[in-house]
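Shown next, in structure tokens, is the structure this report addresses.
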Amino acid sequence: MVKPPHETPLDRKRRAPFHFYAKAENAHFSAYVLSKVDTHFMDLCASEIRYSGGPSVALSESFFREASLAIELVLKAILCVEKKAKPPMSHDVYDLWHRTGLPKPNQDDLHRLAWMTEILYWSGRYAAPTKDEPFYKHKALKEKHQRRETLGRLNIFVPTQLGWNEFNSLFEKASDYFWDLEPQNPENYVF
């Protein structure tokens, strides 16, 4: 008889939905604060540390990272409950959303999820993608879900917003779904 491998406390944490959910809530809160910083405070902070970049660009990038991370983590919390196992080691929120029992998002939200995946994989951290293939995959997904309108003979792209309201709507859908799940295996909820 083969003895099952010993499960460590870290193994339990890797599949404990409330760990993922707590981190998701932290990122959700941080995104909210970043979305509320006013220009005066931003400029004051920039001058205090002699920041030479664009403060609004820096905080926008930070908001996008925190918002994307919050979505990733809440989706992983859901998957922990649904699959009774640790979630995939992936930042692909587009794919993670589709792996859950959540309803299919509308076209704009699908575009946002593809955009958030790009943010988590590279654009929120690096000047260029570390590999070419994922870049083209995410670019194709974003283009597939980019809304287009006809203006006379022109076919134009309609910008997809990713501000607090759009992000929070996605987060609340996933969060509400998480809290509605029946815990099939209560030990998965241990801290």
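The values are calculated or read from the model by the stated rules, or taken from the named source; none is laboratory data. Treat the numbers as computed from the prediction; the structure is a model and nothing was measured. Note: ideal-geometry Cβ built from the backbone for every residue, glycine included; neighbour counts use all protein chains shown. To get the accessible areas, we keep the full protein, side chains included, count just its heavy atoms, and leave off ligands, DNA and RNA. Shrake-Rupley method; radii C 1.70, N 1.55, O 1.52, S 1.80 Å.
Miscellaneous remarks
- Qualifying residue in region 46-64 (condition: touching a Pro at 6+ places or on another chain (Cβ under 9 Å) and either in a helix (DSSP H, G or I) or crowded, with 22+ Cβ neighbours inside 10 Å (or both)): yes
- Inside region 75-110, residues that are surrounded by fewer than 17 Cβ atoms within 10 Å (Cβ to Cβ) and in contact with a Cys (Cβ under 8 Å, 6 or more places away or on another chain) make up a count of 0.
- Residue pairs meeting the criteria (Cβ under 6 Å; at least 6 apart or on separate chains; first more than 21 Å from residue 137 (Cβ to Cβ), in region 95-106; second open to solvent by 40 Å² or more (accessible area, probe 1.4 Å)): 102/177
- Within region 1-37, restricting attention to residues that are over 24 Å from the mean Cα position of the chain (by Cα) and in a loop (DSSP other than H, G, I, E, B), the residue that is farthest from residue 172 (Cα to Cα) is 1.
- Of the helices (runs of 4 or more DSSP H) lying entirely inside region 83-179, those carrying at least 3 residues that are of a type in the set (A, V, I, L, M) and modelled with pLDDT of 90 or more are 107-118.
- Subset of region 67-122 (residues that are under 21 Å from residue 35 (Cβ atoms) and of a type in the set (Phe, Trp, Tyr)): 115
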